[in-house]
Amino acid sequence: MIKVERLTASIGAEVAGVSLGDASRDAALFAEVKALLLKHRVLFFRDQDLSREEHVAFASRFGKLEDHPVAGSDPEHPGLVRIYRSEAKNPYENNYHTDGLWRPNPSMGAVLRCVECPEVGGDTIWVNMVEAYKQLPEEVKKRIEGLRAKSSIEHSFGAAMDPEERRKLAAQNPEVEHPVVRTHPETGEKILYVSSFTTHFVNYHTADNVRYGLDKTPGASLLLNYLQSQASIPEYQVRFRWKPNSVAVWDNRSTQHYAVMDYWPAPRKMERAGIEGDRPY
Ligand code: SIN
């Protein structure tokens with residue numbers, strides 16, 4: 001029997017009594033998991049002795065899997081991105097982000113399995129961005145209605161690259177434009193849709209917003225910073241402590257996440273199947 005325990009008042013549930021391997025083969029069981037996902041936005045499963053084939057097969061039920069231009073995929077399992085942090089190199093993360101916001105069609109969701117984790121530390125935080133939108137003051141909701149913003153991979157994944165490599169990454173992944181408030185394609189909910197990949201608004205500089213030329217830059221960037229900071233509000237969050245074979249499944253359209261970087265030099269190995277999304281509107 002499936003048991004669902006909500007982890008916070010806002011977001012996240014732990015699900016027991018489900019084998020994701022079975023769900024990869026059973027359409028009815030998968031449909032139950034998907035319905036729970038739309039409700040809780042991120043689901044956690046413990047003790048999933050999931051093979052890589054089953055991991056890919058389960059995630060593929062949501063849609064086509066995507067590779068990542070910087071993080072490498074498992075060569076035998078395309079679409080299964082390796083997020084391996086080892087003691088050899090002081091790793092750095094992180095920012096609250098929506099996976100693939102720099103893509104024209106950012107990820108719909110992801111299935112993340114813990115292969116190895118530190119005894120303590122290395123948790124991941126997810127944020128309910130529907131709640132973040134709902135709780136904005138009405139005057140801010142009015143200000144951001146119809147606003148659009150650019151997102152780019154260059155200033156995050158490209159920052160540690162040499163300039164030539166960075167330019168190549170940017171040329172292969174040109175910046176994209178998305179609405180600042182998107183609509184969830186399955187539930188119709190409104191979502192605050194800027195994250196650390198967002199660089200600037202593209203239609204802020206209008207007579208209503210800018211009285212004099214110098215208003216533009218600080219006005220726009222202060223508003224963007226304010227919107228980006230909403231993801232760090234604890235009332236919208238859930239924090240998950242990993243164990244090997246724990247799996248998280250999240251709806252990447254209505255959430256952001258943050259992998260807490262407090263465990264170095266202990267190793268942490270995760271494998272993520274990211275699922276292609278549609279064009280935000
Ligand atoms: C991610 O940012 O998609 C991975 C999160 C994690 O490693 O906990």
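The values are calculated or read from the model by the stated rules, or taken from the named source; none is laboratory data. Quick caveat, the model's predicted, so the values are computed rather than measured. Positions of Cβ are generated from backbone atoms using ideal geometry, with glycine treated the same way; all protein chains shown enter the neighbour counts. What goes into the accessible areas is simple: the full protein's heavy atoms, side chains included, and nothing from ligands, DNA or RNA. Shrake-Rupley method; radii C 1.70, N 1.55, O 1.52, S 1.80 Å.
A few notes on this one:
- Pairwise label distance in nanometres, Lys89 with Glu164, each label 7 Å out on the Cα-Cβ vector: 1.9
- Computed log10 I(q)/I(0) for the range 232-281 at 0.24, 0.27, 0.29, 0.30 Å⁻¹: -1.22, -1.34, -1.39, -1.41, from the Debye equation with unit scatterers placed on every C-alpha and solvent omitted.
- Convex hull per residue volume in Å³, alpha carbons only, for the range 140-281: 172
- Asn245-Leu38 FRET efficiency (beta carbon distance; Förster radius 22 Å; 0.05 resolution): 0.35
- Sites Arg46 and Ser229 - FRET efficiency at Förster radius 41 Å, r taken between beta-carbons, to 0.05: 0.80
- Between the amide H of Ala149 and those of His178, Val180, Val202, distances stay under 5 Å, these residues lying 5 or more places away or on another chain, with hydrogens modeled in the peptide plane.
- Length added when fully stretched, Val140-Val4, from 0.36 nm per residue minus Cα-Cα: 45.4 nm
- Alpha carbon Rg of the range 1-46, scaled by the compact-globule rule 2.2 N^0.38 Å: 1.08
- Unit charges on C-beta of K, R, D, E only; dipole of the chain, Debye: 520
- If you run the Gaussian network model on the chain, springs between alpha carbon atoms under 10 Å, then out of Thr206, Thr183, Thr255 the most flexible one is Thr206.
- Debye intensity ratio I(q)/I(0), log10, the range 22-107, q values 0.11, 0.13, 0.14, 0.15 Å⁻¹ (C-alpha model): -0.40, -0.57, -0.66, -0.76
- For the chain, the relative contact order is 36 percent, taking Cα pairs closer than 8 Å that sit 6 or more residues apart in sequence and dividing their mean separation by the residue count.
- Long-range tail of P(r) for the range 1-154 (Cα pairs > 21 Å, %): 57
- A probe of 1.4 angstrom, applied to the heavy atoms of all protein chains, finds Lys3 with accessible area near 140 square angstrom.
- Working note: 222 nm ellipticity from helices only, DSSP H runs with n ≥ 4, each -39,500 (n - 2.57), summed and divided by the residues of the chain, gives -6500 deg cm²/dmol to the nearest 500.
- Using all pairs of distinct alpha-carbon atoms, the Kirkwood hydrodynamic radius of the chain works out to 19.6 angstrom.
- Toward the positive end of the charge dipole of the range 134-222, with +1 on the Cβ of Lys and Arg and -1 on the Cβ of Asp and Glu, the farthest Cα among Ala170, Ser221, Phe157 is that of Ser221.
- Checking the cross-link pairs Lys34/Lys243; Lys64/Lys134; Lys39/Lys89 against a 29 Å limit on the alpha carbon distance flags Lys64/Lys134; Lys39/Lys89 as lying beyond it.
- The range 91-164, Rg to Rh (Cα coordinates; Rh as Kirkwood inverse mean 1/r): 1.03
- Accessible area expressed per residue, the range 40-195, with surrounding protein chains retained (probe 1.4 Å, Å²): 47
- Approximate spin-label separation Ala27-Asn203, in nm, with each point projected 7 Å along Cα-to-Cβ: 4.0
- Accessible-area composition of the chain, carbon plus sulfur, in percent [1.4 Å probe]: 50
- Amide H contacts for Leu7 (H built 1.01 Å from N in the peptide plane; partners 5 or more residues away or on another chain; cut-off under 5 Å): Ala13, Glu14.
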